[in-house]
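Asker: My structure is below; once you've seen it, I'll send some questions.
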Amino acid sequence: MSEETKVVEEKEGLKFFGLPWWFCLAAIVIVLGATSTGALTSELAGSFALMLAIGIICNEIGERIPIWNSYIGGGLVLSFLVSAFLFTEKLIPKKYAAGVDLIMGGKVDFLSFFIIFLITGSILALDRKLLIRSFAGYIPAIFGGLIGAAILGIAGGLIFGIEPKLILLNYVLPIMGGGNGAGAVPLSQIYETVTGDKAANYYTFAITILTIANIFAIMTAATLNKIGDMKPSWTGDKTTLMRRGTEVGSDQKLGTPTVEELGGAFFMTLSFLALGRFFGKTLFPKILGVAIHPFAWMICFVAIAAATGIVPPRVRAASKRLQSFFTKNMVLIIMVGVGADTNLNELIAAINPSNVVIAFLIVVGAIIGSALVGHLVGFYPIDAAITAGLCMANRGGSGDLAVLGASKRMSLMAYAQLSSRLGGGIVLVIGSILFGAFIGAK
């Protein structure tokens, strides 16, 4: 628990989620009681209520457990793990589990809705020169993470007698590929096309090793955050990558937005998403044979808008305010939803010494490689390691949120998405080359 939180609690009394503790607990009891009797709706409002009830309890406990709150990820990680257990063991009634699944992975897709506000707010909050410099150095940092992951992954393979080419194909590619939908799935399709073998034969192991690496990415993110607290010169204010850079997007510097400007920023964000999808799905779904995710296009257009200064200052401040709201209040819904999508039984079944050690070494390699290259291009090494390294070695969008939440760097979402989307595309190109070179068509 932060010093600021302690001061507030001393002055105003203990609060949970901004409410007096007794009031919040009463609300949680009501929600859980309605859930147990089936009275709670399983649609959007009811599912949000249940997810927040679970998340608030876990977050308040996790933030108060010594060591866990500093090195494992605190309340957000506990929310993720407890939710994974509850949904894996089917302790949540079926209709509510279906409601959560609909919100997170179904037609609602709240995860993407959450991400676009973090992307827009984080980019528009940056100084123009700082924005251009940071994006220019980001691709080298991604490659640094890829090279570091490959080197340590191969070293781990040698310990267990696994050939370097198999380490690259079966471990490094799926872990660094940008997640499940953007990485493991298309990689397995490329594998089938190039080798003639069934995609499922590759995917089964790929998603397993990726899940193990995702857990390590979340935990090491929390550790890096603690290291940054102990070594301030290795990190910034958790909102920017560039050393000696300053954030200029606070409400105090851009002005206080009105309610109407908040509405305008809300619609502007949705329009940026529409523009990204128009380019990513219709005009230029591929460039030189590489699929470009709509989020990557969206990031480019928001960056252009920020760099040219066409967005009024108070609308930029409104975007930052929306980002802060989602980051502080809605992230618990995301963490519970991500946990609900994680099958602990499958994860436990895949745990063996070789998989665990190799996955861990690949994650560490991504950290070291991206931190070193990031430092060379003017980034804070810890922030580069988290975004260009760990956000390549997790499960895509949901993994980005877990990593940034554990490291308390939600403002870096735009860079995290570049890793998952653009960096993932780079890995797909590398994968198609490696599959052809090492295996070839059968």
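Asker: Just a yes or no: is a residue in the range 147-160 outside the structural domain of Ala45 (by TED's automatic domain parsing) and without any contact (Cβ under 8 Å) to a residue 40 or more places away in the chain?
Answerer: In the first step, residues of the range 147-160 are kept if they are outside the structural domain of Ala45 (by TED's automatic domain parsing); the result is 147-160.
From what is left, the residues that are without any contact (Cβ under 8 Å) to a residue 40 or more places away in the chain are 154, 158.
There is at least one residue in the range 147-160 that is outside the structural domain of Ala45 (by TED's automatic domain parsing) and without any contact (Cβ under 8 Å) to a residue 40 or more places away in the chain.
Asker: Within the range 111-136, how many residues turn out to be part of a helix (DSSP H, G or I) and farther than 30 Å from Asp101 by Cβ?
Answerer: 11
Asker: Can you tell me which residues in the range 369-411 are part of a helix (DSSP H, G or I) and either assigned by TED's automatic domain parsing to the domain that holds Phe80 or hydroxyl-bearing (Ser, Thr, Tyr) (or both)?
Answerer: Restricting attention to the range 369-411, the residues satisfying the condition of being part of a helix (DSSP H, G or I) are 369-376, 381-390, 396-407, 410-411.
Within the range 369-411, Ser370, Thr387, Ser398, Ser407, Ser411 qualify.
Here is a yes/no grid of residues against (1) surrounded by 13 or more Cβ atoms within 10 Å (Cβ to Cβ); (2) charged (D, E, K, R); (3) in contact with a helix residue (DSSP H, G or I) (Cβ under 8 Å, 6 or more places away or on another chain); (4) closer than 23 Å to Leu401 by Cβ:
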residue	(1), (2), (3), (4)
Leu40	yes, no, yes, no
Phe48	yes, no, yes, yes
Leu52	yes, no, yes, yes
Ile57	yes, no, yes, yes
Pro66	no, no, no, no
Leu76	yes, no, yes, yes
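Asker: Looking at Phe135, is it surrounded by 18 or more Cβ atoms within 10 Å (Cβ to Cβ) and either touching a Pro at 6+ places or on another chain (Cβ under 9 Å) or over 25 Å from Val373 (Cα atoms) (or both)?
Answerer: Working: surrounded by 18 or more Cβ atoms within 10 Å (Cβ to Cβ): yes; either touching a Pro at 6+ places or on another chain (Cβ under 9 Å) or over 25 Å from Val373 (Cα atoms) (or both): no.
Against the criterion (surrounded by 18 or more Cβ atoms within 10 Å (Cβ to Cβ) and either touching a Pro at 6+ places or on another chain (Cβ under 9 Å) or over 25 Å from Val373 (Cα atoms) (or both)), Phe135 does not qualify.
Asker: Among the residues of the range 171-185, is there at least one that is surrounded by fewer than 21 Cβ atoms within 10 Å (Cβ to Cβ) and within 21 Å of Cys391 (Cα to Cα)?
Answerer: From the range 171-185, those surrounded by fewer than 21 Cβ atoms within 10 Å (Cβ to Cβ) are 181, 185; that's our starting set.
Now restrict to residues that are within 21 Å of Cys391 (Cα to Cα): 181, 185.
Yes, that holds for at least one residue.
Asker: Does Asp109 fit the bill of being within 20 Å of the chain's Cα centre (by Cα), surrounded by fewer than 18 Cβ atoms within 10 Å (Cβ to Cβ) and touching a residue at least 24 places away in the same chain (Cβ under 8 Å)?
Answerer: Details: within 20 Å of the chain's Cα centre (by Cα): yes; surrounded by fewer than 18 Cβ atoms within 10 Å (Cβ to Cβ): yes; touching a residue at least 24 places away in the same chain (Cβ under 8 Å): no.
For Asp109, the condition - within 20 Å of the chain's Cα centre (by Cα), surrounded by fewer than 18 Cβ atoms within 10 Å (Cβ to Cβ) and touching a residue at least 24 places away in the same chain (Cβ under 8 Å) - is not met.
Asker: Within the bounds of the range 308-321, is there any residue that is closer than 22 Å to Ala217 by Cβ and not assigned by TED's automatic domain parsing to the domain that holds Phe85?
Answerer: The answer is no, given that none of the residues of the range 308-321 is closer than 22 Å to Ala217 by Cβ and not assigned by TED's automatic domain parsing to the domain that holds Phe85.
Asker: Name the single residue, out of those in the range 211-240 being of a type in the set (D, E, K, R) and part of a helix (DSSP H, G or I), that is nearest to the chain's Cα centre (by Cα).
Answerer: Filtering the range 211-240 for residues that are of a type in the set (D, E, K, R) and part of a helix (DSSP H, G or I), the one nearest to the chain's Cα centre (by Cα) comes out as Lys226.
Asker: Pull out all pairs, ordered by first then second residue, where Cβ-Cβ is under 7 Å, the residues are six or more apart or on different chains, the first lies in the range 198-212 and is on the phi < 0 side of the Ramachandran plot, and the second is in a helix (DSSP H, G or I) and hydroxyl-bearing (Ser, Thr, Tyr).
Answerer: Listed by first residue and then by second, the contacts come to Ala199/Ser188; Ala199/Tyr191; Tyr202/Ser188; Tyr202/Tyr191; Tyr203/Ser188; Ala206/Ser188; Ile209/Tyr171.
Asker: Is it true that Pro140 is within 21 Å of the chain's Cα centre (by Cα), within 17 Å of Asp400 (Cα to Cα) and modelled with pLDDT of 90 or more? Walk me through how you get there before you give the answer.
Answerer: Values: within 21 Å of the chain's Cα centre (by Cα): yes; within 17 Å of Asp400 (Cα to Cα): no; modelled with pLDDT of 90 or more: yes.
No.
A quick yes/no check of all residues on (1) in contact with a Gly (Cβ under 7 Å, 6 or more places away or on another chain); (2) at pLDDT 90 or above; (3) not in a helix (DSSP H, G or I):
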residue	(1), (2), (3)
Phe272	no, yes, no
Phe278	no, yes, no
Arg316	yes, yes, no
Ile348	no, no, no
Ile367	yes, yes, no
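The values are calculated or read from the model by the stated rules, or taken from the named source; none is laboratory data. Owing to the predicted nature of the structure, the values given are computational and were not obtained by experimental measurement. We place every Cβ from the backbone using ideal geometry, glycine too, and count neighbours over all the protein chains shown.
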